[in-house]
Amino acid sequence: MIDPRILRDDPDRVRAAQAKRGLSDEVVDRALSADAARRAAISTFESRRAEQKQLGKQIPQAQGDEKTELLARTKALAAEVKEAEAAQAVAEEEWQAALMSMPNLAAPEAPEGGEDDFVVLEEVGTPRDFAAEGFEPRDHVELGRMLGAIDLERGAKVSGSRFYFLTGVGAQLELALVNLAMEQAREAGFTQVVAPSLVRPRAMEGTGFLGQAADDVYRIEGEDLYLVGTSEVPMAAYHSDEILDGASLPLRYAAFSPCFRKEAGSHGKDTKGIIRVHWFDKVEMFVYSTLEESYAEHERLLAWEKQFLDKLELSYRVIDVATGDLGLSAIRKFDCEAWIPTQGKYRELTSTSNCTEFQSRRLDIRGRFEDGTRPLATLNGTLCAIPRTIVAILETHQQADGSVRVPKALQPHMGGLEVLAPVQP
RNA sequence: GGAGGCGUCGCCUAGUCCGGUCUAUGGCGCCCGCCUGCUAAGCGGGUUUGGGGCUACAACCCCAUCGAGGGUUCAAAUCCCUCCGCCUCCGCCA
């Protein structure tokens with residue numbers, strides 16, 4: 001939720017922001033008139049209520065006719081109060097609905113446009129030249145099969161399309177990656193967390209995943225629970241309805257959790273392999289900070305993401321995501337995309353967003369400072385989304401015989417294993 | 001899943017049976033001041049959060065807030081209903 005004061009004091013700024021995301025500004029006028037109606041309703045209700053309380057106080061002392069008279073008047077007032085209250089509730093609801101449907105105000109620096117209008121900020125490393133090395137790279141599906149690391153057939157048999165089993169060195173790779181990510185996070189001062197993957201509607205709504213993104217969310221039949229697509233959801237809700245000590249900020253968490261996505265809008269996309277799956281495990285960084293610090297913190301999150309990719313010796317680029325592709329909550333988003341040799345392109349591995357006070361307003365997360373309490377900024381960033389990272393590692397570090405070199409940093413977490421050897425041709 | 005108990009403004013707590021004087025008691029903690037070689041103790045004051053009005057986004061006034069939401073009533077922390085959470089016991093289970 002954006003700051004209602006900005007909407008009231010500077011609606012043109014909000015209109016411009018809507019336009020920058022390619023959205024209509026009709027909602028701005030709807031919100032403004034709802035706000036006016038709401039304040040009028042509050043005013044009416046409160047004055048009636050004050051009068052009612054005033055008179056009500058006199059009733060216990062009153063006697064005879066005076067008492068009868070008072071009871072009659074307060075009874076009439078009570079009906080008015082009830083009516084005014086109902087009117088207020090209606091106005092309040094309209095205002096809330098309008099406000100909740102508005103995305104965060106994109107940062108001025110964020111490039112304008114849709115999915116393809118990102119700006120490349122940086123390219124790190126050089127994609128491996130397999131032609132020069134004299135062999136055709138195998139894709140991760142083939143490598144996963146040869147190594148006995150990824151079992152897609154049985155994934156489909158047991159759970160359906162977009163599911164997989166990680167087996168043998170594949171399972172070992174996942175655990176090693178989780179350990180490496182958690183180790184880095186711990187060393188950087190993060191609190192390690194294992195978070196629940198099922199949450200109540202409030203957590204989902206508060207993080208902005210029940211808006212246009214709702215189609216991608218699994219809901220548990222017969223229960224008021226959702227499966228999260230990222231531990232950003234439980235970690236944002238973690239401190240909901242709390243007032244945190246300003247001096248304790250920033251609070252940095254690294255949360256491990258399974259993630260579930262319907263992938264509703266992506267039929268036919270990435271149907272092969274484990275690039276796009278319905279379930280995967282992920283270590284996610286999540287930070288609560290002041291608004292002022294959030295911009296610098298966002299850069300730090302990106303730096304930690306890059307540090308991790310560097311440890312895995314991957315080639316990647318960093319993009320500044322365009323406004324149309326930011327999602328509801330973010331004002332700015334940086335993605336790290338790793339080079340996938342057999343696709344001949346960069347694919348998203350990590351993503352970090354600054355959501356400023358948007359989620360905090362919805363989830364009621366505040367900080368206590370010397371000059372009062374204020375909503376905090378929340379930020380998130382992927383440290384390691386397992387399957388895509390495995391894809392990048394297998395394809396990037398493969399050798400002509402189908403074996404795969406284990407990056408140095410990962411070796412201690414793989415029991416010293418330096419090379420993953422094929423178990424079948 | 002069954003039975004019972006509980007949820008009060010940071011923490012603890014009074015109040016709930018018998019609705020109005022609750023503008024919610026007291027203690028601890030914290031903040032400001034006084035006093036005192038320093039500290040502690042003592043004394044005085046302050047200390048939920050959100051919203052509206054008016055404004056300098058001050059002061060002030062008002063409304064809401066006793067887990068959440070409804071209901072009864074002129075009036076609800078207090079009575080009724082639903083939900084959420086915690087605790088104890090039983091059952092089941094990793």
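The values are calculated or read from the model by the stated rules, or taken from the named source; none is laboratory data. Predicted model, so just to flag it, every value in this text is computed and none were measured. Please note: Cβ atoms are built from the backbone with ideal geometry, for glycine as well, and neighbour counts cover all protein chains shown. We work out accessible area using only protein heavy atoms, side chains counted, and drop any ligands, DNA or RNA first. Shrake-Rupley method; radii C 1.70, N 1.55, O 1.52, S 1.80 Å.
What to note about this one:
- Taking max minus min of the alpha-carbon positions on each principal axis, region A:62-180 gives extents of 105, 43, 28 Å, largest first.
- For region A:119-420, with +1 on Lys and Arg beta carbons and -1 on Asp and Glu, the positive-most of A:A338, A:F163, A:G265 along the dipole: A:F163
- Note on A:K57: lysines with a C-alpha under 30 Å away, same-chain residues under 8 apart excluded, are A:K67, A:K75, A:K82.
- Accessible carbon and sulfur surface of chain A relative to its total accessible area, %, 1.4 Å: 50
- Whole-Hz Karplus values for region A:223-229 come out as 9, 8, 9, 10, 8, 7, x Hz, taken residue by residue from phi with 6.51 cos²θ - 1.76 cosθ + 1.60 and θ = phi - 60°; glycine and proline positions read x.
- Given charges at Cβ of Lys, Arg, Asp, Glu: region A:289-358 dipole, positive-most of A:H298, A:N354, A:L309: A:L309
- By average C-beta atoms within 10 angstrom, highest first, the peptides A:357-363, A:411-417: A:357-363, A:411-417
- Put simply, region A:149-218 fits an ellipsoid with semi-axes of 27, 24, 8 Å; these come from the alpha carbon gyration tensor as the roots of five times its eigenvalues, largest first.
- Of A:D371, A:D139, A:D29, the one that fluctuates the most in a GNM where chain A has Cα springs shorter than 10 Å: A:D371
- Straight-line cross-link reach from A:K269 at under 18 Å between alpha-carbon atoms covers these aspartates and glutamates, not counting any fewer than eight positions away in the same chain: A:E115, A:D116, A:D139, A:D215, A:D216, A:D325, A:E337, A:E348.
- Burial ranking of peptide ranges A:174-187, A:76-89 (average Cβ count within 10 Å, highest at the top): A:174-187, A:76-89
- Highest-fluctuation residue, A:Q63, A:Q18, A:Q343 considered, GNM on chain A with Cα pairs under 10 Å: A:Q63
- Under 5 Å between amide hydrogens, built in the peptide plane, is the criterion, and for A:R332 it picks out A:A107, A:N354 among residues at least 5 positions away or on other chains.
- The solvent-accessible area of A:K75, taken with every protein chain present and a 1.4 Å probe, is close to 150 Å².
- Cut-off under 5 Å, modelled amide H: who pairs with A:L121 long-range: A:V318, A:I319, A:D320
- Estimated 222 nm signal from helices in chain A, with DSSP H stretches of n ≥ 4 weighted -39500 (n - 2.57), rounded to 500: -13500 deg cm²/dmol
- The reciprocal of the average 1/r between distinct C-alpha atoms defines the Kirkwood hydrodynamic radius, which for region A:4-100 equals 15.8 Å.
- Were the residues from A:A76 through A:K269 laid out at 0.36 nm apart, the gain over their Cα-Cα distance would be 63.0 nm.
- Only the Cβ atoms of Lys and Arg (+1) and of Asp and Glu (-1) were treated as charged; on that basis the dipole of chain A about its Cα centre amounts to roughly 820 debye.
- Computed about its Cα centre, the charge dipole of region A:14-80 is approximately 300 debye, with only Lys, Arg, Asp and Glu carrying charge at their Cβ.
- Debye log10 I(q)/I(0) at q = 0.10 Å⁻¹ for chain A, Cα point scatterers: -0.76
- Compared with the dominant principal axis of the Cα atoms in chain A, helix A:291-311 is inclined by about 20°.
- Peptides A:373-382, A:147-156, ordered by how many other C-beta atoms sit within 10 Å of their residues on average, highest first, read A:373-382, A:147-156.
- Mean Cα-pair separation over length for chain A, i.e. relative contact order, pairs under 8 Å, 6 or more apart, %: 20
- Scalar couplings 3J(HN,Hα) for region A:320-332, obtained by applying the Karplus form with A = 6.51, B = -1.76, C = 1.60 to θ = phi - 60°, are 9, 5, 6, 3, x, 10, 7, x, 5, 8, 7, 9, 7 Hz; x denotes Gly and Pro.
- Stokes-Einstein diffusion of region A:286-342 at 20 °C, 1.002 mPa s viscosity, Kirkwood radius from Cα pairs, rounded to a whole number: 167 µm²/s.
- Other-chain or far-sequence residues with amide H under 5 Å of A:G113's (modelled H): A:T323, A:G324
- In degrees, nearest ten, helix A:386-396 long axis to first principal axis of chain A (Cα): 30
- Between A:V124, A:M100, A:I59, the Cα set farthest toward the positive side of the dipole of chain A (charges on each charged residue's Cβ, about the Cα centre) is that of A:I59.
- Table column - 3J(HN,Hα) (Hz), region A:184-191, Karplus curve with 6.51, -1.76, 1.60, x for Gly and Pro: 4, 5, 4, 5, 8, x, 6, 8
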